[in-house]
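Here's the structure, in structure tokens; my notes come after.
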Amino acid sequence: TPDKAPPQEGDILVHADASKEGQPIKISDLSENLVAAWPMGKDKDGNNVIRKGEPNNQLAVFRFEQGGFEEPGKDDHAELKLDGIINGQVVAYSNKCTHAGCAVPNDPNDATKLFCPCHSGQYDALRGCKVTGGPPPRAMPQLPIKLENDQLVVTETFVTAPYGFLTEGDWEQYR
Ligand code: FES
């Protein structure tokens, strides 16, 4: 069903917080503190569908004023497409920990990192969300986006190492 499908080209990112759920995210909403988002697409009749039936579609969106993104190394089990980052500043990732599935907030000591409250997994948001500490086996995948009419628009689905683009049903092997 479309609500469980992975994000697709042309989807827009909308707020996930209950108070604004479904409202399109604007660049001005963003900072280095993550904003929770869902991808929203269309069903076959052209109606909007928030793709919240798949927990891995829960997204974290960041805006780092200074940029500073770097592609992760070959052995990092992470992927970062620099052309899927808006203005070298705005990046989106899946926000479900690859260890046991918790949502992962910013590290209180360094907003460019994420710190999982469940078992202290750590990720680097400037380097493809590669794992920098704790038990997670892999990066949280990036969702490449672009800016169009002041909206954040998906350009292709989740990109992962070593599996490439992640499609429906691929999450099992990604663990
Ligand atoms: Fe995140 Fe275990 S669920 S470290």
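Just one of the numbered conditions (1) in contact (Cβ under 8 Å) with a residue 24 or more places away in the chain; (2) buried (at least 16 other Cβ atoms within 10 Å of the Cβ) is not true of P162: (2).
I want to confirm something. Restricting to region 111-123 and keeping residues that are buried (at least 22 other Cβ atoms within 10 Å of the Cβ) and of a type outside the set (A, V, I, L, M, F, W, C), which single residue is farthest from N87 (Cα to Cα)? Per the stated criteria, the residue is G121.
Checking each residue in region 103-122 for being more than 11 Å from the ligand (Cβ to nearest atom) and farther than 25 Å from L147 by Cα picks out D107, P108, N109, D110.
Taking every residue in region 115-136 that is over 18 Å from P162 (Cβ atoms) and pairing it with any residue that is aromatic (F, W, Y) and away from the ligand (no atom under 12 Å from the Cβ), at least 6 positions away or on another chain, the pairs with Cβ-Cβ distances below 6 Å are A125/F62; L126/F69. In this structure, does L166 turn out to be of a type in the set (A, V, I, L, M, F, W, C) and within 17 Å of F62 (Cα to Cα)? Judged against the criteria, L166 is not a match. Give A92, A125, A100 a once-over and let me know the one that is at pLDDT below 95 and either within 16 Å of the ligand (Cβ to nearest atom) or among the aliphatic types (A, V, I, L, M) (or both). Only one candidate qualifies: A100. Restricting to region 63-81, and then to whatever is at pLDDT below 95 and not in a loop (DSSP other than H, G, I, E, B), can you tell me which residue is farthest from the ligand (Cβ to nearest atom)? That would be K74.
Close contacts from region 1-24, counting a first residue that is in contact (Cβ under 8 Å) with a residue 24 or more places away in the chain and a second that is among the basic types (K, R) and exposed (fewer than 15 other Cβ atoms within 10 Å of the Cβ), with Cβ to Cβ under 9 Å and a gap of 6+ residues or different chains, come to P2/K42; P2/K44; G10/K42; D11/K42; V14/K20.
The values are calculated or read from the model by the stated rules, or taken from the named source; none is laboratory data. Just so we're clear, the structure is a prediction, and the values are computed from it rather than from any experiment. Glycine gets a Cβ as well: all are built from the backbone with ideal geometry, and neighbour counts include every protein chain shown.
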